[in-house]
Ligand SMILES: [Zn+2]
């Protein structure tokens with residue numbers, strides 16, 4: 001969950017300081033090109049959220065993210081699991097269907113080849129610009145999936 005310093009951290013929608021009447025969003029995506037990136041790991045005024053056209057989208061994504069976290073907490077052996085979080089909030093993207101998946105490393109993933117093709121193309125097309133270039137989530141995910149059987 002975002003860490004906000006009251007009166008110092010700023011709302012990414014209005015750039016005013018966060019003093020009160022704001023909500024915190026979890027770290028959802030590190031792709032700076034995603035339309036929901038500004039919300040990721042940020043505090044946002046309720047008023048700004050209510051006036052934002054992405055309000056229902058972001059709340060829906062947060063609900064799916066929370067559901068995935070609960071599901072992950074209930075798995076028997078977390079070490080066998082690869083967590084795929086939000087990859088893109090754009091429903092037009094093929095990559096969208098791979099949002100929020102728990103993958104068991106010990107099972108054959110039938111969509112592996114399709115995922116690798118789509119994710120690699122997404123990267124090659126420059127659609128993923130990581131907020132921390134040394135730690136590109138999608139690139140690392142592709143490397144992990146490549147190692148699966
Ligand atoms: Zn605001």
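Each reported figure results from applying straightforward, stated rules to the coordinates on display, with no laboratory input. Quantities reported herein were computed from a predicted structural model and do not represent experimental measurements. Backbone-built Cβ (ideal geometry, glycine too); neighbour counts: all protein chains shown.
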Computed over segment 75-149, the relative contact order (Cα-Cα under 8 Å, seq sep at least six) in percent reads 28 percent
Stretched out fully, how many nm does the piece from residue 8 to residue 80 gain, at 0.36 nm a residue minus the Cα gap?
21.9 nm
Quick one: compute the contact order of segment 1-78, relative version, from alpha carbon pairs under 8 angstrom and 6+ residues apart, as a percent.
27 percent
Need one number: nm distance between label points at residue 90 and residue 102, each 7 Å from Cα along Cα→Cβ, rounded to one decimal.
3.0 nm
Gaussian network model of the chain, springs between alpha carbon atoms under 10 Å - residue of 44, 19, 62 with greatest fluctuation:
19
In degrees, nearest 10, range 0 to 90: what is the angle between the Cα axis of helix 112-124 and the longest Cα principal axis of the chain?
50 degrees
Fraction in percent of alpha-carbon pairs per bin - 5 Å, segment 1-75:
3, 16, 26, 24, 16, 8, 4, 1, 0
Using Cα-only point scatterers and the Debye equation, what is log10 of I(q)/I(0) for the chain at each q in 0.09, 0.17, 0.21 Å⁻¹, rounded to two decimals?
-0.32, -1.02, -1.36
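Using just the helices of the chain, give the 222 nm mean residue ellipticity in deg cm²/dmol: DSSP H runs with n ≥ 4 each add -39,500 (n - 2.57), and the total is spread over all residues, rounded to 500.
Values: 4 runs with 47 residues, N = 149.
Mean residue ellipticity at 222 nm (helix-derived): -9500 deg cm²/dmol.
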When the chain is treated as a Gaussian network with springs between alpha carbons less than 10 Å apart, the largest mean-square fluctuation among 31, 52, 110 is found at 110
Over the chain, what is the relative contact order in whole percent, taking alpha-carbon pairs under 8 Å and six or more residues apart?
20 percent
Just to confirm the number: angle between the C-alpha axis of helix 55-73 and the first principal axis of the chain, 0 to 90 degrees, nearest 10?
50 degrees
For residue 112 and residue 24, what is the calculated FRET efficiency with R₀ set at 30 Å and r taken between the beta-carbons, to the nearest 0.05?
0.30
